[in-house]
Amino acid sequence: MTQASLWHNDQQSYEFAELCNALYERELSVLANISANNVSALQGKLKSLPYYIKQTADKMLRVESPLLLDTQNASWSAKQGTNMPLTEQNAEQVWQWYQAINLLPGLIVPIVYQEMIVLDCVDRIDSEGGRFRTNRFGWFAADADVHQTAKEFRLLKPNKKVLMAACAGHRWKNGEKTRPVMPSLRELLLSCEINWKNYKKPLPVTF
């Protein structure tokens, strides 16, 4: 099957091309500013870039999401609240939510980091130890000291406001909202894996 055959009309093809172009511009700018000490790592990123950009553009067009898609900037948009949406998000409430569900690898989880909410993904579960690991931020457990080293980040339970804020790059400074940031390519991919109908379950794997 060719790439062109995946699209039903010219408008979808145009939007796909527009998304890819915006993603390429952004990612090449990022790569141009990283250290050149590890040439092999840079080469690896460049080789995999076309695959991940096409995957992201495809998923952003196909996913069922309450967010508005900006194809020119390859980003999601949503109304930003005055304050970070942290209602019923104290440590005890958060951990009770995770303990009450059938936790599965692939679940998208929100995390407060540097005055904004970012997305991560569960990749390992230690049922006996009562903890789980995410791809970027590592292990989380009921004991706050295990996963909040120096209080640099903390786990949240997913809800619509929290996840929309993360997907749209909303951030706050000194308790007030400020200009959103552009999520990374990885975060955009994760935003397309959110199960908006059931936050407790990862989306089914499709091929």
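In the range 107-157, the qualifying residues are those that are at pLDDT below 90 and charged (D, E, K, R), and the one that is nearest to TRP97 (Cα to Cα) is ASP143. Tallying residues that are surrounded by 17 or more Cβ atoms within 10 Å (Cβ to Cβ) and among the acidic types (Asp, Glu) within the range 57-67 yields 1.
Does TRP76 meet the test of being at pLDDT 95 or above, surrounded by 16 or more Cβ atoms within 10 Å (Cβ to Cβ) and assigned to a strand (DSSP E or B)? For TRP76, the condition - at pLDDT 95 or above, surrounded by 16 or more Cβ atoms within 10 Å (Cβ to Cβ) and assigned to a strand (DSSP E or B) - is met. When the strands (runs of 3 or more DSSP E) confined to the range 148-194 are screened for residues that are of a type outside the set (A, V, I, L, M, F, W, C) and either closer than 10 Å to ILE117 by Cα or outside the structural domain of GLU27 (by TED's automatic domain parsing) (or both), those reaching at least 2 such residues are found at 171-173, 176-178.
Checked against (1) modelled with pLDDT of 95 or more; (2) outside any strand (DSSP E or B), GLN96 meets all criteria but (1).
Annotation: of all residues in the range 99-144 being part of a strand (DSSP E or B) and small (Gly, Ala, Ser), the one that is surrounded by the most Cβ atoms within 10 Å (Cβ to Cβ) is ALA141.
Per-residue answers, yes or no, for (1) hydrophobic (A, V, I, L, M, F, W, C); (2) under 30 Å from LYS45 (Cβ atoms); (3) surrounded by 14 or more Cβ atoms within 10 Å (Cβ to Cβ); (4) under 13 Å from the mean Cα position of the chain (by Cα):
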{"position": "CYS167", "(1), (2), (3), (4)": "yes, yes, yes, yes"}
{"position": "GLY175", "(1), (2), (3), (4)": "no, no, no, no"}
{"position": "ARG186", "(1), (2), (3), (4)": "no, yes, yes, yes"}
{"position": "ILE194", "(1), (2), (3), (4)": "yes, yes, yes, yes"}
{"position": "LYS197", "(1), (2), (3), (4)": "no, no, no, no"}
{"position": "LYS200", "(1), (2), (3), (4)": "no, no, yes, no"}
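Given the condition within 21 Å of HIS170 (Cα to Cα), aromatic (Phe, Trp, Tyr), out of contact with any helix residue (DSSP H, G or I) (no Cβ under 9 Å at 6 or more places or on another chain) and touching a residue at least 40 places away in the same chain (Cβ under 8 Å), answer yes or no: does some residue in the range 103-116 qualify? Yes, the conditions are met somewhere in the range 103-116.
Please pick out the residue among LEU46, LEU103, LEU68 that is in contact with a Ser or Thr (Cβ under 9 Å, 6 or more places away or on another chain) and not assigned by TED's automatic domain parsing to the domain that holds TRP172. Matching residue, one of LEU46, LEU103, LEU68: LEU68. Considering the range 32-56, the residues that are under 21 Å from VAL118 (Cβ atoms) and surrounded by 12 or more Cβ atoms within 10 Å (Cβ to Cβ) include one that is farthest from the chain's Cα centre (by Cα), namely LYS45.
The values are calculated or read from the model by the stated rules, or taken from the named source; none is laboratory data. Note that the coordinates shown come from a computational prediction; the quantities given were computed from them, not determined experimentally. Glycine also receives a Cβ, built like all others from the backbone with ideal geometry; neighbour counts cover every protein chain displayed.
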